[in-house]
Structures are given as C-alpha cells and as structure tokens.
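Here's the structure we're looking at; comments come further down.
The values are calculated or read from the model by the stated rules, or taken from the named source; none is laboratory data. Nothing here was measured: the structure is a model prediction, and the numbers come from that model. Counting neighbours? That spans all protein chains shown, and the Cβs are built from the backbone with ideal geometry, glycine included.
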C-alpha cells in the first residue's frame, strides 16, 4: 500500500514538471536570440572572409568637424568622424527566421572583427584612444557600418620662405598589419565631407581632399594601401599682420630716418631703436619657441638673422651719412672722383638733385672757400642719403608686395 502511494506521487510530480517545461515560453527577444546565434563560435581575430586569398574590401570616408591649430608645434588637432564599411561573411541571417522585421542589429566593436586602421603619421602616445568605440551597425546581408568620432593630432609642413602663413598637413590612414592583398582600402569619396565643418576664426581651409595610395615597401613584396587626407590651411589677416608686424615696423622706422636732415642728431637714435626692435623681436621669437618644429625653427631664426643684417646695413649707411655731414667742420677737400660720381647728370635727375658747381674755382679765397667746401660735404652726405633711401625703400615695397600675394 505504501509503495503504491509513493509511486503515485512520483508520477504526479514528473507530469507536473513536464507540463511546466512544455508550457513555459521563450521569453528572449528575437534580437537576443539572433545575437546569440551569430556570436556562437564567431572568431573575431580572423578576417571575415570564406577564402584566405580573398581581401576584405573596406571603404572609408572622413567627415571633418573642427580644426585646432597649435602653431607653436606646427601641429593641428582634427575632430573628425571616420566612416568605414565592409562585409562580414559570418554575420548573415534570414530576417524571416527572426520575426521578419529584424534587418539590422547594433553590437560593440570589440565583439566582432574590425579593420585595424590607424593614422600612420600620428604620435604613438595618442594612437591608443584616437578613435572612440561606438557601436557598429550590422545588416542582414553581412554589411557592416562603423561610424566613430576620432581625434587626430599630426605635424604639418610650413614653407617659411615662400608661404609663411600656410600650413600643409597630410593624414595617412591605413592598416597596421594587413597588406593590400588582405585588406583593400577604397574611397567612398575623393573629397572630405565638410557639411558639418565649424569654420576656424584664425585659419581658413583652402583644400581638403582624400587620396588612395598603393605603396611597395622594401621589407615586403605585397602592396600596402593607405588613404591620405590632404589639408591646406591659410592664416587669416590677423595672424598675417601679427607675424610680419615687428619686421615691417623696424624696417619702416629705419627708412624713416632717411627723411630727416643729414645734420639731425635724431637719425642715429631712430636707426638704433629700429635695430634694437628687430633684435628684441628675434629674441622673443626664440624664447617663446613660436617657430614650431626644429626645421621650421631654424628657418625662422635664419630669416630674423637676415632681417637683422639688412637693418644693420641700413644702420651703417646712416653712420656714414652722419660722418660725412660732420666733415663740414673741416677744410678737407671733396675728392674730384667722388664729386663726379655723386653729382653726375643722371644721378641728379634720378634723385632730384641740383648739380651745383665744383669746389675747384680758383677765384675764391680763404674763408669763402671753406664755406663752399662745407656745403659740398653736406651735398655729398645728402646725395648718399637720398640714393640709399630710395634703394632701400624700393626693396621694402617689393618685399611687402611679395608677402601680400600669399
């Protein structure tokens, strides 16, 4: 009797458990089930192709948001969106098997294979987190779209001689380990997307293009593909004037001294102040380190050195003119060859000078001869002053016109 009762309880319990198991529905969503099926056995370290000889085609596009210029280091910081698209053969499904409407899912990029695209010419210390890990969008046909914000910091080139206010910057994006036979980079567009670009108040963007390159390196026989973003920036008026102001002001002050009378004691004072201003500007540039990279730094300092030499030459002319004007107190005769050179008809016409008469008259006597000789020395000083003044003024105008073209 007891045995039969125990058997009855066991049968009743098992039937209740079986009925509960049959009647309990699967509470997981179709998306959860699909993700579990797709990632079950998925190897994210392997390229998502069926044949090892097939390359993964990755199309890439760049949207430029903002540019920050660090002129002290000749660097720019680019705020961008990097868009990559490729096909993963292991992430396909039939939407009808999962409710019919599930045609796309979003996953963390660390859970699947993603291209190892990095900026080649970016400092290594910033490569670890240059691209934010936003989720990827996976479609039912295996196509994947990965759009992520990225901050790129690169060093630019600057031609101090020809275009001192221009920055030429290249950003080279490519796979770090895969050759072109394994990962083929293609362009979505030859132009950088500027639809969301925020204009820089100090620098204007002159050019923004994308270029695909296939390069053979000495180490490897396979070609390596990269996409290079070519940017050219030009300084707006404020920076142009700021960078050229010290040299222009010093040159103008130095040339202004030519307009003063040759006997004025303020000529050398003004010339000395101009030369000191140029030297101080060079020292400040050196101390502040505004020249940027080492190549640009030495070029900037070379230009300041040339400018100082130019002002020093003008300063020496002022010293010579002052010394000649001071000879009016002496009775020394002006050499005939110097008079012939300085008081020639052509030079008098060019410099708007009156020729006057020679000091070799034999009918003048004593004190009158000394007075006439003093006037001749003043005319010599004035002629040299005007000739060099016109010459240096012409050089300054040519330099300003040349600089204004860039």
Checklist entry - Does any residue of region 171-185 turn out to be under 24 Å from the mean Cα position of the chain (by Cα), exposed (fewer than 14 other Cβ atoms within 10 Å of the Cβ) and either under 16 Å from residue 65 (Cα atoms) or at pLDDT 95 or above (or both)? => result no
Checklist outcome for this item: Filtering region 242-262 down to residues that are modelled with pLDDT of 75 or more, loosely packed, with under 14 Cβ neighbours inside 10 Å and more than 13 Å from residue 314 (Cα to Cα) yields 259, 261
Checklist entry - When the residues of region 105-126 are filtered to those that are under 22 Å from residue 44 (Cβ atoms) and loosely packed, with under 14 Cβ neighbours inside 10 Å, which remaining residue is nearest to the chain's Cα centre (by Cα)? => result 116
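Across region 29-59, what is the number of residues that are part of a loop (DSSP other than H, G, I, E, B) and surrounded by 15 or more Cβ atoms within 10 Å (Cβ to Cβ)?
Looking only at region 29-59, we keep the residues that are part of a loop (DSSP other than H, G, I, E, B), and these are 29, 40-55.
Then keep just the ones that are surrounded by 15 or more Cβ atoms within 10 Å (Cβ to Cβ); that gives 42, 47-49, 55.
Count: 5.
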Checklist entry - Within region 186-230, which residues are in a loop (DSSP other than H, G, I, E, B), under 20 Å from the mean Cα position of the chain (by Cα) and either outside the structural domain of residue 48 (by TED's automatic domain parsing) or free of Cβ contacts under 8 Å to residues at least 40 places away in the same chain (or both)? => result 199, 201
Next on the checklist: Being surrounded by fewer than 17 Cβ atoms within 10 Å (Cβ to Cβ) and in a strand (DSSP E or B) is the filter here; which residues of region 84-104 pass it?
Outcome noted: 87, 104
Checklist entry - Among the residues of region 95-120, how many are under 24 Å from residue 224 (Cβ atoms) and in contact with a strand residue (DSSP E or B) (Cβ under 6 Å, 6 or more places away or on another chain)? => result 6
Item to check | Close pairs (7 angstrom Cβ cut-off, 6 or more residues apart or separate chains): at positive phi in region 83-105, at pLDDT below 95 anywhere | outcome: 99/30
